[in-house]
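> Sharing a structure, written as structure tokens. Questions coming.
The values are calculated or read from the model by the stated rules, or taken from the named source; none is laboratory data. No experiment lies behind these values; they were computed from the predicted model shown. Heads up, the Cβs are rebuilt from the backbone with ideal geometry, glycines too, and the neighbour counts pull from every protein chain shown. Note: accessible area is taken over every heavy atom of the protein model, side chains too, but ligands, DNA and RNA are not part of it. Shrake-Rupley method; radii C 1.70, N 1.55, O 1.52, S 1.80 Å.
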Amino acid sequence: MQTACNVNGLPNLQADVVRTLRSGLILILLSVTGLGAANSFGQAPLYLVDKNTTVRKISFKFIGGSTFESEVLKSQIATTEPSFFDKVKRIIPFVSPRKHPFDPVTLQQDVVRLRRYYSSHGFLYADIDYPASQLDTTNNRIHVIFSIEEGPPLILQDFGFYDGDGDYALSVFPGAFRDRWVSFRDRISLQLGQRYTDAERVRIQDRVINFMTDNGFAFARVDANALVDSTANTADVRFIIEPGPRGRFTEILLEGNKSVTDQVLTRELPFRKGDLYSHRRLTQGQQEIFGLNLFRVALADLPEQPADSTVTVRYRVREAKLRFITGQTGYSREEGVELNAEWRHRNFFGSARNFSISGRAATGLLARTSGENLAPRRFNITLSLRQPYLFSSYLSGNVSPFLQFERDKNLQESNEPLGINRRDFGFSTTVVYQRLAFRPFTLAYTFVRSLQFTRTAENIDIESRDLFNKSVISLNGTVGWLNNYLSPRRGYLIRPYIESAGSILGSEVEYVKLGTEVQGFIPITKQISLGLRTQFGRLWPLGKSREALDADDPTFEDRFDPILFYAGGASDVRGWDTGFLGAKTARPASTGSETIVYEPAGGRAKVAMNVELRYPFPGLSSSWRLATFMDAGQVSAREVRMPDGSTRIVDKGDFRFDDLRFGVGSGVRYRTPVGFIRFDIAFKLNPSDTDLLSPTDAFEGNDNKRFSRRFNFHLSIGQTF
């Protein structure tokens with residue numbers, strides 16, 4: 001038997017319809033007569049199901065193999081099961097978990113939903129039922145078990161592209177365009193003999209229409225017909241293409257812009273009048289307009305018009321409030337409670353310029369610091385003016401003067417309010433070139449007037465001050481491609497950077513610093529992927545800075561503390577706290593202080609590597625993931641034992657394989673609207689002696705190593721890399 005199908009799907013299954021109607025009538029009769037849901041299940045111990053029954057769990061029993069994951073099938077049905085958090089709430093006193101009521105009618109409808117899902121994915125005769133479902137009469141909870149036998153798949157027998165008259169589509173394209181069409185057609189064609197699904201048909205239909213509209217055919221139409229032989233389980237698929245005339249951008253209509261002129265919007269568009277029409281460039285223009293941060297909504301479309309070689313396009317926008325204030329708070333393990341506030345004007349003196357005044361306070365409150373060190377504190381205020389268009393829509397600029405007060409844990413304590421031991425003020429100018437999303441190139445110049453100061457505990461009149469200029473120019477960029485920039489499974493990114501500070505720029509620290517980060521993502525299966533990352537960086541002090549560092553000048557060592565490389569942390573080499581992998585010094589928090597802390601030495605060079613296997617969390621939804629990882633890294637500074645038995649930290653900027661530190665562990669990921677919440681447990685495979693000693697024991701020379709210091713816990717938000 002053959003049935004012609006349109007784009008709405010495969011043929012309806014008469015047997016399923018009859019079976020569904022029969023089951024539905026039985027359920028209705030049972031409900032009306034008051035017999036309950038008992039007999040609607042057909043098989044034993046479910047006769048005690050009532051209106052108070054809840055769902056304990058949903059699972060699937062596959063007969064003869066499975067094509068789809070259980071989580072995919074659960075997303076197709078209306079019956080729900082308790083989540084992980086619901087299960088946690090059940091054991092917390094005075095907390096009521098969300099109930100998941102069981103409805104036999106909804107369950108029967110779920111069977112129909114699953115049959116339709118299998119039918120649309122090439123299984124015409126999938127047999128789906130729930131005879132193995134189990135009722136817990138003690139708690140009145142049911143374990144719904146769907147039994148699924150997929151049956152034979154629908155096989156693609158013939159596939160082709162045609163015009164409206166039944167000829168091959170090649171004949172409707174102009175001669176110069178035919179080679180491009182043939183190349184595209186061969187890339188997207190389905191393989192004969194594979195399983196046919198509606199999803200594949202829709203995917204190809206979308207790709208063809210996108211190809212046509214991106215190459216000037218603004219009014220192209222693509223229809224699809226499937227001829228299904230339900231007896232032989234085969235399908236013949238035909239795509240009918242009506243390209244219409246090839247057109248060019250002729251007129252640009254703008255609606256809704258009130259505070260900016262039309263020219264401000266048209267300059268953001270990646271096309272001009274007379275260019276060959278491209279739907280991709282039309283939507284790219286929509287993204288560029290929305291990226292001005294001036295509009296709440298930006299829409300792009302083609303208004304009603306004749307289908308000819310002239311194409312009129314339209315952009316409709318709705319402006320947001322020009323002035324607004326925002327406030328945020330958060331918490332991080334290293335810096336404690338954080339407060340942020342910002343006032344912004346979206347159209348400062350016109351042309352969609354953005355002006356903002358922002359403040360940030362990293363308070364150190366409730367921080368859990370590394371190496372028993374003092375919690376860092378940072379307070380800054382920044383003024384920022386962003387010009388969205390600099391000679392090109394791809395080029396933007398930003399000027400930001402700032403003032404910052406900081407308690408740097410690598411400097412000795414000060415008796416200033418809140419322990420502040422560094423004050424910076426200056427400005428930063430940035431030029432950003434971004435043609436591709438998430439892949440900018442940035443050129444920046446930063447000038448800082450920095451004051452570092454500490455006071456001794458014995459005499460507050462004695463003050464150590466170092467006032468100097470830092471003038472830095474930097475260039476960085478991102479190249480590569482990912483299938484998803486928020487949660488990638490395939491692709492790679494390379495992020496090289498270089499920065500330089502020298503006396504010619506008025507800087508009193510001189511150096512060249514360069515490095516790169518390479519990320520790669522490899523899918524292993526549909527649910528399992530591998531993430532890889534390598535980081536490398538090198539710093540070369542120059543001129544007087546090099547001479548002073550080689551002579552162990554403490555003033556220049558303090559100046560270079562924020563410039564050196566560090567390793568360790570939740571998004572670096574796990575197993576070590578942030579910045580504490582490598583050589584470190586145990587010292588008093590300040591002169592005369594009884595508090596002993598670790599100060600990481602950092603290094604002029606760094607190398608780090610991460611390998612992470614990501615896979616589903618068994619029994620939980622797709623929002624949950626597990627990860628197993630191995631990290632490795634080192635910085636170039638190392639402890640060297642001197643002839644008199646003392647140790648000294650030496651940094652020549654080189655690496656030794658036997659100094660490479662390794663950490664392994666596992667973690668849990670939970671996807672939220674603001675990113676992944678990550679919890680990792682890491683174990684140091686080859687820690688140094690100081691890694692296993694407290695700062696006090698290291699300072700006093702006690703050999704009191706503790707095995708527990710091999711473990712570290714990391715809680716953070718965002719992807720690892």
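> Do we have any residue at all in the range 501-514 that's free of Cβ contacts under 8 Å to residues at least 40 places away in the same chain, assigned to a strand (DSSP E or B) and hydroxyl-bearing (Ser, Thr, Tyr)?
Taking every residue of the range 501-514 in turn, none turns out to be free of Cβ contacts under 8 Å to residues at least 40 places away in the same chain, assigned to a strand (DSSP E or B) and hydroxyl-bearing (Ser, Thr, Tyr).
> Pick from Tyr445, Tyr433, Tyr492, Tyr485: which is within 26 Å of Gln287 (Cβ to Cβ), at pLDDT 95 or above and out of contact with any Pro (no Cβ under 8 Å at 6 or more places or on another chain)? Walk me through it before giving the result.
Numbers: Tyr445 fails: within 26 Å of Gln287 (Cβ to Cβ); Tyr433 fails: out of contact with any Pro (no Cβ under 8 Å at 6 or more places or on another chain); Tyr485 fails: at pLDDT 95 or above.
None of the other options fit; the residue is Tyr492.
This table checks each residue for (1) touching a residue at least 12 places away in the same chain (Cβ under 8 Å); (2) over 24 Å from Ser450 (Cβ atoms); (3) touching a Leu at 6+ places or on another chain (Cβ under 8 Å).
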position	(1), (2), (3)
Ser351	yes, yes, no
Phe355	yes, yes, yes
Leu365	yes, yes, no
Arg368	yes, yes, no
Asn380	yes, no, yes
Leu383	yes, no, no
Arg386	yes, yes, no
Tyr389	yes, yes, yes
Ser396	yes, yes, yes
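> If Phe438 satisfies all but one of (1) open to solvent by less than 40 Å² (accessible area, probe 1.4 Å); (2) at positive phi; (3) at pLDDT below 95, what's the number of the condition it fails?
The single condition Phe438 does not satisfy is (1).
> Checking the conditions here, which among Thr720, Thr696 is surrounded by 14 or more Cβ atoms within 10 Å (Cβ to Cβ), within 30 Å of Thr516 (Cβ to Cβ) and out of contact with any Pro (no Cβ under 7 Å at 6 or more places or on another chain)? Give the derivation first.
Numbers: Thr696 fails: within 30 Å of Thr516 (Cβ to Cβ).
From the options Thr720, Thr696, the qualifying one is Thr720.
> Looking only at residues in the range 699-717 that are assigned to a strand (DSSP E or B) and over 23 Å from Thr534 (Cβ atoms), which one is least open to solvent (accessible area, probe 1.4 Å)?
Phe711
> Can you confirm whether Gly256 is farther than 30 Å from Tyr125 by Cα, among the small types (Gly, Ala, Ser) and open to solvent by 10 Å² or more (accessible area, probe 1.4 Å)?
Criteria met by Gly256.
> Would you point out which residue out of Gly675, Gly633, Gly653, Gly665 is open to solvent by less than 30 Å² (accessible area, probe 1.4 Å) and in contact with a Phe, Trp or Tyr (Cβ under 6 Å, 6 or more places away or on another chain)?
Among Gly675, Gly633, Gly653, Gly665, only Gly665 is open to solvent by less than 30 Å² (accessible area, probe 1.4 Å) and in contact with a Phe, Trp or Tyr (Cβ under 6 Å, 6 or more places away or on another chain).
> Go through (1) out of contact with any Leu (no Cβ under 9 Å at 6 or more places or on another chain); (2) over 30 Å from Phe184 (Cβ atoms); (3) surrounded by fewer than 18 Cβ atoms within 10 Å (Cβ to Cβ) for Glu150 and report which single condition fails.
(3)
> Considering only strands (runs of 3 or more DSSP E) fully contained in the range 637-679, which possess at least 2 residues that are within 29 Å of the chain's Cα centre (by Cα)?
Fully inside the range 637-679 and qualifying: 661-672.
> Now for a different question. Residues being in a loop (DSSP other than H, G, I, E, B) and out of contact with any Gly (no Cβ under 8 Å at 6 or more places or on another chain): count how many of those fall in the range 145-177.
9
> Another question about this same structure. Would the range 269-281 turn up any residue that is of a type in the set (Ser, Thr, Tyr) and either surrounded by 17 or more Cβ atoms within 10 Å (Cβ to Cβ) or under 26 Å from Leu156 (Cβ atoms) (or both)?
yes
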